[in-house]
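The numbers here are math on the coordinates, done by the rules we state, and not lab data. Here the structure is a predicted model, which is why all the values come from computation and not from measurement. As a convention, Cβ positions derive from the backbone with ideal geometry for all residues, glycine included, and neighbour counts pool all protein chains shown.
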Amino acid sequence: MISHGTESEYWVEPSTLRTYPTSYQAYRRAREAQEKPPPRHCTLGAETDRHVWRHWQRPAVSEVDVVLSFHQGAPPRVQRLVSEVLRAIRRGHPAGEAIRHVARRFGLRHTRARAFIKAGITFEMRMRHDSMRPLEVASLSSTDTHR
């Protein structure tokens, strides 16, 4: 720390050799006045920014289909509950909100409705055949022949 009286005390940052006042308020003002580096996505360039923006604007396309089915002998009330929840999700409501809303309509607590849904349905995830690229098909067939 270098001192020339109480008002002009400052210190030098070792890595940059920049001088800063020792008073916290003056230090804070000095740091805020410095130019801040641009956000990381801006340093990649305008073309990259436009590409990412266009990519995020497209709707998400899943490569997996989720197939829901009811367990054998699932009660009709659970089937109606699940169909109402799925209808609300298709309308754009988040799953948790849809379950709570439908559970209230059925006179259930949402935790109880979740338990009924979990006990009444099963799901299976299947890869979409149209999403597989020729390279992936070739690599899958080559790995199957070595077994």
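Couple of notes before you dig in:
- Qualifying residue in region 49-65 (condition: closer than 21 Å to Arg128 by Cα and over 19 Å from the mean Cα position of the chain (by Cα)): yes
- Total residues in region 71-106 satisfying the condition of being touching a residue at least 40 places away in the same chain (Cβ under 8 Å) and surrounded by 14 or more Cβ atoms within 10 Å (Cβ to Cβ): the figure is 2.
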